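Only one structure is covered here, and it is reproduced in the block below.
Nothing in this text is a laboratory measurement; each read-out follows from the coordinates by a stated rule. Just so it is clear, the model here is predicted, and its values are computed rather than measured. A quick note on method: Cβ atoms are made from the backbone with ideal geometry, for glycine too, and the neighbour counts reach across all protein chains shown.
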Amino acid sequence: MYNIFFGNRRLAVCSFPEQPLDDPEAVYYSPGSFPELAYLPELFITYSTINTLCIPSKNQESDFKQLCTRLFRINAGGGLVTNLRGEVLLIFRYGRWDLPKGTQEPGEDIRYSALREVSEECGLNISQLDIAEQVCDTYHTFHRDNRFNLKFTRWFRMQFNGEDDTMVPQMSESIEQAIWVNPRELDNYLSNTYPSIVEVFENSDLAIRTSSAAL
């Protein structure tokens, strides 16, 4: 399944028997042609009463690419980071809890982008960050520079190995807090986050209950 998030709403490209994120009120839509799929995100933004629009697909990758045709793609990397105590790194920005991430620079390897953004946004020494496996990709939209942008974020598991894990939030990026959270307390924070961040945790090895958070 591919989920494109529009704030708390989503377009979901799914296989025929698949249910989109357990949403009982999802609306199913079967477009008939490529142009129709390409313009569907703009129509979805207009009809704001639908929270989940599911597109049943026999070729999910192809239909997802067609949906993205008219959206400006921005590649980004982010980290799901734990420290030596097993605590999870969260940031607070724009009134919600989030994970550190940022735009890939030209010619930059996406794994390095993810490490650099975690280091910059949280004030952690990049040499003490170890990057591991990819967790998932997420896709969310935002309107800026008179266009609809689609951020493709590739998420990686990371370990911070420094004994001094004091953090300095990057105020220039509107980050108000950067904190370490015990995994048992994550639900308290993820009740106020973005659906795409919930998706990262649901694809990780962290045992938390996020199925209804922020949806």
HN-Hα couplings for region 38-52 via Karplus (6.51, -1.76, 1.60; θ = phi - 60°), in whole Hz with x for Gly/Pro, come out as 5, 8, 4, x, 5, 5, 5, 5, 5, 8, 7, 7, 9, 7, 10
Contact order relative to length for the chain, counting C-alpha pairs under 8 Å separated by 6 or more residues, stands in percent at 21 percent
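Mind sorting TRP97, TRP180 by how few other Cβ atoms lie within 10 Å of their own Cβ, fewest first? Mind dumping the intermediate values first?
Values: TRP97 22, TRP180 18.
Going from least to most buried by this count: TRP180, TRP97.
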Candidate cut points under GluC sites (Glu not before Pro) in region 162-208, DSSP loop plus at most 13 other Cβ atoms within 10 Å of their own Cβ, are GLU163
Please give the residues of region 150-166, grouped as numeric ranges, whose backbone N is less than 14 Å from a label point set 7 Å along the Cα-to-Cβ vector of ILE45. 150-151
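How big is the charge dipole of the chain about its Cα centre, in debye rounded to the nearest 20, if each Lys and Arg gets +1 on its Cβ and each Asp and Glu gets -1 on its Cβ?
On the way: 19 positive and 30 negative charges, 122 e Å.
Result for the chain is approximately 580 debye, rounded to the nearest 20.
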